[in-house]
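**Student:** Would you mind keeping the following structure in view while I ask a few things?
Throughout, read-outs are computed from the coordinates displayed, never taken from laboratory work. As the structure is a computational prediction, the values presented were derived from the model and not from experiment. Cβ placement follows ideal geometry from the backbone for every residue including glycine, while neighbour counts extend to all protein chains displayed.
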Amino acid sequence: MDVWLGGGIISRHTKYAPIIGVILLFALISVVCATPFGGVIDSQPYGNLNDNNEVKASAGSKIVDDKTTEKLASTKKTIKVKSAKMSKKDYKKMINFIDKYEDARGYQPNKYSWKSQSSVIYKNDYLDAIDRYNKFLKVNKADPNYVTIFNSIKIVTETEDDSSTNDKKSKNLPLAGKLSGKNGLTILQKYMNKNLNHRDGGPSTFSGVVKSKVGDCWGLSEWAGKQLKANKYKVRIVQGATAHVWNHRWLQINIGGKWINFESSLVTKKYGSKHYCKTCARASLVIRNL
């Protein structure tokens, strides 16, 4: 018989037909079985926000096992600071470092680590500060008390202590004792939509959101997680990449042995008050269990 394979004809004796048929059938089954048809709870759906803030779902990747949580929790966040005052003392330290670096290598460093502010200043920006400092010195015949640094990059680490809150209802935990099951997630979603909002560059911690009523994805996930923890939910903070950032965060809650997404940013008015289970990223890390 003649069998079509790869666009050409391979002639085989009739007695081989059953064997070839079995091989083709096995290959077809393998392809079908390897194709993702949707997400199970550790293969969560995700999507990217388009211009209309609509979420399009597709299959996601497996969540990192809980046992690796402590190792993963060391992620840091960078924030661009438009302007910050550098004291004369810190300025002298920076100049001393740059001079020594240039003497040793023959060129200036690409960036300077401003340790007292946990910030990084790139070359163009510290050269701009040096130029303004020297102009002031030339005109006034004296050093300024400070120089403004523009566009430094501040490094923020998570220092939020779980012991700072308790399970009793308070100003910090307005929903303590009010949430249970999936209905509790709906209540939390409505509360956040009414009382909080997302803000790019907003507070990244629980206390910051409590104070300002706005937060970035880190702060909102922290705030929502504390509310759920106060109601005895099993909850974890997860992280994944969106079309715009690599370290977006939201929550997953274990209900009935299944992990359910709670998108603490998309439930806000800024992103069109999405349902809590709609996500805009693929979960790749478990930051920590609350």
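**Student:** Taking H as built 1.01 Å from N, whose amide H comes closer than 5 Å to the amide H of Trp114, not counting residues under 5 places away?
**Tutor:** When sequence neighbours closer than 5 places are left aside, the close amide H contacts are Ser119, Val120, Ile121.
**Student:** Restrict the search to region 117-154; then list the trypsin sites (Lys or Arg not before Pro) that DSSP places in a loop and that have at most 11 other Cβ atoms within 10 Å of their Cβ.
**Tutor:** Lys141
**Student:** Under the rule a/c < 1.5 gives rounded, and otherwise a/b versus b/c splits prolate from oblate, where does region 184-283 land using the Cα gyration tensor?
**Tutor:** rounded
**Student:** Give the shape of region 77-157 as rounded, prolate or oblate, defined through the alpha-carbon gyration tensor: a ≥ b ≥ c are the square roots of its eigenvalues, a/c under 1.5 means rounded, and otherwise the shape is prolate if a/b is larger than b/c and oblate if not.
**Tutor:** The shape class here is oblate.
**Student:** I've got another one for you. So, counting K/R as plus one and D/E as minus one, what does the shell of residues with Cβ under 12 Å around Asp200 add up to?
**Tutor:** That works out to +2.
**Student:** Any of Lys89/Lys135; Lys171/Lys278; Lys82/Lys154; Lys85/Lys135 with alpha carbons more than 20 Å apart? Name them for me. It would help to have the intermediate numbers written out before the result.
**Tutor:** Working: Lys89/Lys135 18 Å; Lys171/Lys278 28 Å; Lys82/Lys154 10 Å; Lys85/Lys135 17 Å.
The pairs that break the limit, which is 20 Å between Cα atoms, are Lys171/Lys278.
**Student:** Shifting gears a bit: How much length, in nm to one decimal, is gained on full extension between Arg288 and Lys85, taken as 0.36 nm per residue of separation minus their Cα-Cα distance?
**Tutor:** Working it through step by step, the gained length comes to 69.6 nm.
**Student:** Using θ = phi - 60° and the Karplus curve 6.51 cos²θ - 1.76 cosθ + 1.60, what whole-Hz ³J(HN,Hα) does each residue of region 232-247 get, with Gly and Pro shown as x?
**Tutor:** Values per residue, Gly and Pro as x: 6, 6, 8, 9, 9, 8, 10, 9, x, 9, 9, 5, 10, 9, 9, 10 Hz.
**Student:** I've got another one for you. Long-range amide H contacts for Ile255: which residues qualify at under 5 Å (H placed 1.01 Å from N, peptide plane, sequence gap of 5 or more or a different chain)?
**Tutor:** Those lying under 5 Å, H to H, from Ile255 are Ile260.
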